[in-house]
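Trainee: Before I ask anything, let me first share the structure, which is written out below as C-alpha cells.
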Amino acid sequence: MATVSFDVPSPHGPRTLTLSYARVGTGEPLLLLHGIGHHRQAWDPVVDILATERDVIAVDLPGFGASEPLPDGLRHDLPTVNTALGALCEALDLDRPHVAGNSLGGLLALELGREKRVRSVTALSPAGFWTPVERRYAFGILAAMRQAARRLPLPVVERLSRSAAGRTVLTSTIYARPGRRSPEAVVAETLALAHARGFTETLRAGATVQFTDDLPDLPVTVAWGTKDRLLVRRQGVRAKQIIPGARLVRLPGCGHVPMNDDPALVARVLLDGSR
C-alpha cells in the first residue's frame, strides 16, 4: 500500500487530500474504483491477472478504506470526487488512464469518461441507471448493511467469517458466491464498511443522481451480474439505451460485486474493455 497527497480546490482555497492506493503490473494504466462502503481490496481477486497486461492502480476512494475523507467544506458528491480523482491522476502522472469501476465506482468511471479524462470506461453494475423505486430499495439495503456492520462485535464477525454459511450471512447481498471469499477478506471488508467515514455523505449525495449522457467518442463496456441483488440487471438495459455505443456484457452467476464470483471472466471483460 502507498499513499499520495495532492491539492484539491475548495471555496476557501486549495485543500490537501491524502489517498491510499496500490499499484502493480506493466502496460497501459488501468485505474480501479470500488463501490460505496467497500475498499480497494475488492479488486484483489482480479489484480494479479490484470497486472500481466496493465499498470494497475487500485485506489481507496475519499472517506473509504485507508483514505482520508474529503477536507472540510467539500461534499462527497460526484463533481467533487471526480475532481479529486482527476487530481490523483495528475499526481500519479496518469495521462488519461483506462478506468474500471464497480457500483459507485462504475458511476464515477462513467463521469470521468463524460469529462474526457480517461481513454476507456468499464463499468460493473454502475449506479445511476435506477428508477426512484430501485434507488430507494438499494439505498435501504446499503443503510441496513452499514448498520449491521457497525453493530456486530468483531469477535462475532470473525466467528461468522470462518464458515461458508457465516460468510453468506455477512456478504450474500453483494456476492453470488460468498463462500468463495476468504475469511480474512470478509472480516476486512465488514470493518471497512463499519468505519467508512464517507459513507453517510456519499449516500446522501446520491439521492438525486441519474446518469443520462451518451459517451459517443469513448470505448465503454457495461457489465452486469445475472444474480445482482442490489442493482437489478434490467438497469444494464437502460445503460445500453442511454449509451448506445456501449458494449453490454452479461456476467452469468455473478452478484453485485462480481470480481470475487468469477475472477477470470471479470478480468477478461476488463482487459477487453481497456484495449
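Trainee: Scan segment 83-95 and give yes if some residue there is open to solvent by less than 20 Å² (accessible area, probe 1.4 Å), among the small types (G, A, S) and part of a loop (DSSP other than H, G, I, E, B), otherwise no.
Mentor: no
Trainee: Confirm whether P219 is open to solvent by 30 Å² or more (accessible area, probe 1.4 Å) and in contact with a Lys or Arg (Cβ under 6 Å, 6 or more places away or on another chain). Let's see the steps before the verdict.
Mentor: Details: open to solvent by 30 Å² or more (accessible area, probe 1.4 Å): yes; in contact with a Lys or Arg (Cβ under 6 Å, 6 or more places away or on another chain): no.
Considered against the rule, which asks whether it is open to solvent by 30 Å² or more (accessible area, probe 1.4 Å) and in contact with a Lys or Arg (Cβ under 6 Å, 6 or more places away or on another chain), P219 comes out as no.
Trainee: Tell me the residue from L218, L248, L270 that is in a strand (DSSP E or B) and in contact with a Ser or Thr (Cβ under 9 Å, 6 or more places away or on another chain), please.
Mentor: L248
Trainee: Look through segment 234-275, keep the residues that are within 22 Å of G113 (Cβ to Cβ), in contact (Cβ under 8 Å) with a residue 60 or more places away in the chain and among the charged types (D, E, K, R), and return whichever of them is least open to solvent (accessible area, probe 1.4 Å).
Mentor: Applying the filter and picking the extreme gives R238.
Trainee: Follow-up question, since we're still on this one. When you scan segment 197-209, do you find a residue that is part of a loop (DSSP other than H, G, I, E, B), open to solvent by less than 50 Å² (accessible area, probe 1.4 Å) and of a type in the set (V, I, T), even just one? Break it down stepwise before answering.
Mentor: From segment 197-209, those part of a loop (DSSP other than H, G, I, E, B) are 197-198, 209; that's our starting set.
Subset that is open to solvent by less than 50 Å² (accessible area, probe 1.4 Å): 198, 209.
From what is left, the residues that are of a type in the set (V, I, T) are 209.
There is at least one residue in segment 197-209 that is part of a loop (DSSP other than H, G, I, E, B), open to solvent by less than 50 Å² (accessible area, probe 1.4 Å) and of a type in the set (V, I, T).
Trainee: Could I ask something else about it? On the given criteria, is A188 in contact (Cβ under 8 Å) with a residue 40 or more places away in the chain, open to solvent by less than 70 Å² (accessible area, probe 1.4 Å) and farther than 23 Å from M259 by Cβ? If you could, list the steps in order and put the result at the bottom.
Mentor: Numbers: in contact (Cβ under 8 Å) with a residue 40 or more places away in the chain: yes; open to solvent by less than 70 Å² (accessible area, probe 1.4 Å): yes; farther than 23 Å from M259 by Cβ: no.
The answer is no for A188.
Trainee: Just to check your reading of the model, which residue among L231, L170 is of a type outside the set (D, E), surrounded by 23 or more Cβ atoms within 10 Å (Cβ to Cβ) and within 30 Å of R117 (Cβ to Cβ)? Let's see the steps before the verdict.
Mentor: On the way: L170 fails: within 30 Å of R117 (Cβ to Cβ).
Just a single option satisfies the conditions, and that option is L231.
Trainee: Just checking, does segment 134-141 include any residue being closer than 25 Å to P263 by Cα, in a helix (DSSP H, G or I) and among the basic types (K, R)?
Mentor: No, segment 134-141 contains no residue that is closer than 25 Å to P263 by Cα, in a helix (DSSP H, G or I) and among the basic types (K, R).
Trainee: Confirm whether V157 is open to solvent by 60 Å² or more (accessible area, probe 1.4 Å), hydrophobic (A, V, I, L, M, F, W, C), over 30 Å from H98 (Cβ atoms) and without any contact (Cβ under 8 Å) to a residue 60 or more places away in the chain.
Mentor: On the way: open to solvent by 60 Å² or more (accessible area, probe 1.4 Å): no; hydrophobic (A, V, I, L, M, F, W, C): yes; over 30 Å from H98 (Cβ atoms): yes; without any contact (Cβ under 8 Å) to a residue 60 or more places away in the chain: yes.
The answer is no for V157.
Trainee: Return the residues of segment 96-133 that are out of contact with any Phe, Trp or Tyr (no Cβ under 7 Å at 6 or more places or on another chain), part of a helix (DSSP H, G or I) and open to solvent by less than 40 Å² (accessible area, probe 1.4 Å); say none if nothing qualifies.
Mentor: Matches in segment 96-133: L104, G105, G106, L108, A109, E111, L112, G113.
The values are calculated or read from the model by the stated rules, or taken from the named source; none is laboratory data. As the structure is a prediction and not an experimental result, all values here were calculated from the model. So basically every Cβ, Gly included, is an ideal-geometry build from the backbone, and we count neighbours across all protein chains shown. The protein model used for the area step is the full one, side chains on, heavy atoms only, and it has no ligands, DNA or RNA in it. Shrake-Rupley method; radii C 1.70, N 1.55, O 1.52, S 1.80 Å.
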